[in-house]
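Report on the structure given below.
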Amino acid sequence: MTEGWLLGGKPDEQIPERRKPRPQQPAVETNAEPAGGEIVWRCVVCGYLCARKEPPAVCPICKAKKDRFEEFGKILVTEKKPDPPKAT
Ligand SMILES: [Zn+2]
């Protein structure tokens, strides 16, 4: 806490918002493979979803071929951070 702030009488409300709401953007560029990430594939026939590097050769649900799978999204693998120590 700085005394100067109190003496200056500058109210906290004057702090401008720095975080502006961003429009929704994809987390990764569409033509860039995420490092270590996996792709979510969706069977267009039955809607089966699986996350892996490549779609399965045959859909385990409806037996549709690999080419019936479309890219549904990507999974970003982020490093797991250890839980911060709880200060109680
Ligand atoms: Zn299927």
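The values are calculated or read from the model by the stated rules, or taken from the named source; none is laboratory data. Because the structure is a prediction, the values reported are computed rather than measured. As a convention, Cβ positions derive from the backbone with ideal geometry for all residues, glycine included, and neighbour counts pool all protein chains shown.
Can you pull out every residue in the stretch 34-88 that is touching a strand residue (DSSP E or B) at 6+ places or on another chain (Cβ under 8 Å) and of a type in the set (Gly, Ala, Ser)? Across the stretch 34-88, the qualifying residues are GLY37, ALA51, ALA57, ALA64, GLY73. Within the stretch 35-88, the set of residues being among the hydroxyl-bearing types (Ser, Thr, Tyr) and within 16 Å of the ligand (Cβ to nearest atom) comprises TYR48 only. Restricting the search to the stretch 54-88, which residues are modelled with pLDDT under 90 and loosely packed, with under 11 Cβ neighbours inside 10 Å? Listed by number, the residues that qualify are THR78, GLU79, LYS80, LYS81, PRO82, ASP83, PRO84, PRO85, LYS86, ALA87, THR88.
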